[in-house]
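Down below is the structure, laid out as structure tokens.
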Amino acid sequence: MKIAIIGYGKMGRMIERIAIGRGHEIVCKIDIDNQQDFNSEDFKSADVAIEFTSPTMAYNNCLNAFRHNKKVVSGSTGWFHEHEEEINRLCNEEGQTLFWSSNFSVGVAIFNAVNRFLAKIMNDMPEYDVQIEETHHIHKLDAPSGTAITIAEDIIKNIDRKTEWRLADESMTEQTIPITSIREGEVPGIHKVNYNSVADMITISHDAHSREGFALGAVLAAEYTHNHKGLLKMSDLFEHLF
């Protein structure tokens, strides 16, 4: 498979190494200083583009790829929900393909499945209140993380008494799930869900040891996207598991 990489930072380089190790060819690498290469023959030859940039660039990167009818795998967070309606239209009505996830880690996909199952149990346990905490490196621009938002949205779908999430320093109601965001060092990503009561506290957590798991998941998503169309998510990739 021929892959174009959009965003050639730490993640882009790791994706390149893993993709080559799995027998794929990197035909184009686009970063902030060579945006014109979206129109290059090398980019046009790609089967799938993998995009890891920033919340301010991701949407336009997808549009630039769609102009050449290129399938895109995007792991950039902090942009999708704002543009979800238009992305749905592009994929469902104009034949474009985007595989988007707030987190490409296989471990996080398992963690999210556990989170949904536990939330269903806690729907009948009002004595437990829920709080989310996420910690990432100081270079991460968005807060809370896309993964934390996904976690909160899955809880809201399964616990009737919760209707919204907010950052922990904002005003809260009993219907609110607070999300605490911490930025320190070079932490790849830690997510915790706490259910606290007077009697005890139940915690589930996922602690990424490195970015390698995210990069591998992105390449697996690209392999899946190569043979599928439309708006794709991790639940599609792991449908047989989750």
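The values are calculated or read from the model by the stated rules, or taken from the named source; none is laboratory data. None of these values were measured; they are calculated from a predicted model. Glycine also receives a Cβ, built like all others from the backbone with ideal geometry; neighbour counts cover every protein chain displayed. Areas reflect the complete protein model, heavy atoms only, side chains present, ligands, DNA and RNA absent. Shrake-Rupley method; radii C 1.70, N 1.55, O 1.52, S 1.80 Å.
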As I understand it, the dipole of the chain uses +1 on the Cβ of Lys and Arg and -1 on the Cβ of Asp and Glu, about the Cα centre. Which of Cys62, Phe111, Thr150 lies farthest toward its positive end?
Cys62
Amide H neighbours of Val73 under 5 Å, at least 5 residues apart or on other chains, H built in the peptide plane: list them.
Ala49, Ile50, Glu51, Phe99
I'd like the orientation of helix 80-93 relative to the chain: the angle between its Cα long axis and the longest Cα principal axis, in ° from 0 to 90, rounded to 10.
50 degrees
Helix 146-158: inclination vs the chain longest Cα principal axis, degrees, rounded to 10, gives 50 degrees
Relative contact order %, the chain, counting alpha carbon pairs below 8 Å whose residues are six or more apart:
22 percent
Just to confirm the number: angle between the C-alpha axis of helix 106-122 and the first principal axis of the chain, 0 to 90 degrees, nearest 10?
30 degrees
Work out which GluC sites (Glu not before Pro) in the chain are exposed loop sites (DSSP not H, G, I, E or B, at most 13 other Cβ within 10 Å) and give the longest gap free of them.
1-93
Under unit Cβ charges (Lys, Arg +1; Asp, Glu -1), what dipole magnitude, rounded to 20 debye, does the range 70-114 have relative to its Cα centre?
280 debye
Rounded to the nearest 5, what % of the DSSP beta bridges within the chain are antiparallel ones?
35 percent
Between beta-carbons, use under 13 Å as the cut-off and find the net charge around Asp200, counting Lys and Arg +1, Asp and Glu -1.
-2
Collect residues whose amide H, placed 1.01 Å from N in the peptide plane, falls under 5 Å from the amide H of Tyr128; neighbours closer than 5 in sequence don't count.
none
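Rounded to a whole number of µm²/s, how large is the Stokes-Einstein D of the range 64-136 at 10 °C and 1.306 mPa s, given Rh as the Kirkwood radius over C-alpha pairs? List each step's numbers first, then the result.
Numbers: Rh = 15.2 Å.
Translational diffusion coefficient: 105 µm²/s.
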Please compute the contact order of the range 59-173 in relative form: average sequence separation of alpha-carbon pairs under 8 Å and at least six residues apart, divided by the residue count, as a percent.
25 percent
Under a 1.4 Å probe, what is the accessible area of the range 1-45 per residue, stated in Å²?
53 Å²
Hits among lysines - C-alpha to C-alpha of Lys157 under 22 Å, sequence gap 8 or more where chains match
Lys120, Lys192, Lys233
